[in-house]
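This report concerns only the one structure given below.
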Amino acid sequence: MRSRVLCDTMAEEDDWLKREVLSHAGNRWAFGIIHALKEGGRLRHADIRRRLGKVTQRMLTRTLRQLERDGLIRRHDHEEIPPRVEYELTHLGEAFLLRIIPIWLWIFEHAEDFRTARLAHPGNIE
């Protein structure tokens, strides 16, 4: 019942916000960046990239900008030469991470159940 009330109170024009913020939860790079900043504190671009492994420069930059736009991380430009920019997790980003971890754990715990259900589904194409 509570979920229905929440859905009904969200204005149609806020629907995009819900989708975009939830997309961070399902994006491995966004989740990885948020997790890296939680573990490592304030980090430079190269440090984040090293912690994530296979992320491309373009994807990392794009994801950092999206997370900053949504208030989950903060960018600190020290205006030095050579340039020095660091990123850190905001309070909003920490709260987001704390709520997303249980969902990720649940998905991993039930991954085999999802695979089994998909294989059993009549529309399954192998």
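The values are calculated or read from the model by the stated rules, or taken from the named source; none is laboratory data. Every value quoted in this text rests on a predicted model; they were computed, and no experiment measured them. Cβ placement follows ideal geometry from the backbone for every residue including glycine, while neighbour counts extend to all protein chains displayed. These area figures cover heavy atoms from the full protein model, side chains too; ligands, DNA and RNA do not enter into them. Shrake-Rupley method; radii C 1.70, N 1.55, O 1.52, S 1.80 Å.
Quick notes on this one:
- Residue check, Ala120 within 20 Å of Gly32 (Cβ to Cβ) and among the small types (Gly, Ala, Ser): no
- In segment 93-120, the residues that are within 18 Å of Asn27 (Cβ to Cβ) reach residues that are open to solvent by 70 Å² or more (accessible area, probe 1.4 Å) and of a type outside the set (A, V, I, L, M) with C-beta atoms within less than 7 angstrom, at least six apart or across chains, in these pairs: Glu94/Lys38; Leu97/His35; Leu97/Lys38.
- Residues in segment 67-96 that are of a type in the set (A, V, I, L, M, F, W, C) and either out of contact with any Phe, Trp or Tyr (no Cβ under 8 Å at 6 or more places or on another chain) or over 30 Å from Asp14 (Cβ atoms) (or both): Leu67, Ile81, Val85, Leu89, Leu92, Ala95, Phe96.
- Qualifying residues in segment 84-126 (those that are part of a loop (DSSP other than H, G, I, E, B) and surrounded by 10 or more Cβ atoms within 10 Å (Cβ to Cβ)) - the one modelled with the highest pLDDT: Thr90
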